[in-house]
Amino acid sequence: MELRKQEYMENKPDREAIPFPVRTHRYLALKGIATRRAAEKFIEEGKVIINGRKAVLTDRVQEDDVVTVKSIPNRTYRYFAYHKPRGILTHSPQSKTERAIADVINIQGIFPIGRLAQDSEGLLILPDDGRVTDRLLSPRFDHEKEYVATIQERVRPDMIARLAAGPDLEDGPSKPC
């Protein structure tokens, strides 16, 4: 498989622009060839060639380089849709009484994309494909998300205005709602 910048720009306009020069493993990840960790393994195994020579982990790809990846095994990825019930954590239980998705579903190698609070319920995607995580979660891909919430008090106009402006969350401001 040979990759060139022009092919990338023509065929993958929805992907992040490549900031040349870039480390080889990140280049392969940005091209959707493999996750960064898998790309590092391909480099260590001698399967990545840059301009006719075997790549090493410290190499950087320049805009006009020819990168070839040899003998990548075909892999089947799995994607599960899971309706998380209330009371189950998406990640990292803090006590022995808390249960996480991994405690409920016994499928090796999968992980949840995104998070839902313990008291929330809803759809989660559980893949074994790390390549999709950034594509689904990064704000630069601008995926619409829809939530249905029940609250105990009456909705006031100032509440709607705050939500519409983009509420402040623990990790920073959200986009306007």
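State whether the residues of segment 140-162 include one that is under 28 Å from Ala39 (Cα atoms), open to solvent by less than 90 Å² (accessible area, probe 1.4 Å) and not aromatic (Phe, Trp, Tyr).
Start the filter on segment 140-162 by keeping residues that are under 28 Å from Ala39 (Cα atoms), which leaves 140-143.
Still in the list and also open to solvent by less than 90 Å² (accessible area, probe 1.4 Å): 141, 143.
From what is left, the residues that are not aromatic (Phe, Trp, Tyr) are 143.
Yes: segment 140-162 contains one or more residues that are under 28 Å from Ala39 (Cα atoms), open to solvent by less than 90 Å² (accessible area, probe 1.4 Å) and not aromatic (Phe, Trp, Tyr).
For Leu57, state whether it is open to solvent by less than 20 Å² (accessible area, probe 1.4 Å) and either modelled with pLDDT of 95 or more or farther than 30 Å from Gly122 by Cβ (or both). Talk me through it step by step, then tell me what you get.
Details: open to solvent by less than 20 Å² (accessible area, probe 1.4 Å): no; either modelled with pLDDT of 95 or more or farther than 30 Å from Gly122 by Cβ (or both): yes.
No, not satisfied.
State all residues of segment 4-19 that are at pLDDT below 55, in a loop (DSSP other than H, G, I, E, B) and not charged (D, E, K, R); if no residue qualifies, say none.
Listed by number, the list holds a single entry, Pro13.
Quick check: anything in segment 20-40 assigned to a loop (DSSP other than H, G, I, E, B), in contact with a Ser or Thr (Cβ under 9 Å, 6 or more places away or on another chain) and either over 25 Å from Ile113 (Cα atoms) or at pLDDT below 80 (or both)?
no
Can you tell me how many residues in segment 36-54 are closer than 22 Å to Phe141 by Cβ and either open to solvent by 50 Å² or more (accessible area, probe 1.4 Å) or touching a strand residue (DSSP E or B) at 6+ places or on another chain (Cβ under 9 Å) (or both)?
Qualifying residue count, segment 36-54: 3.
The values are calculated or read from the model by the stated rules, or taken from the named source; none is laboratory data. All values derive from a computational prediction rather than experimental measurement. Counting neighbours? That spans all protein chains shown, and the Cβs are built from the backbone with ideal geometry, glycine included. Accessible surface areas use protein heavy atoms only, side chains included; no ligands, DNA or RNA. Shrake-Rupley method; radii C 1.70, N 1.55, O 1.52, S 1.80 Å.
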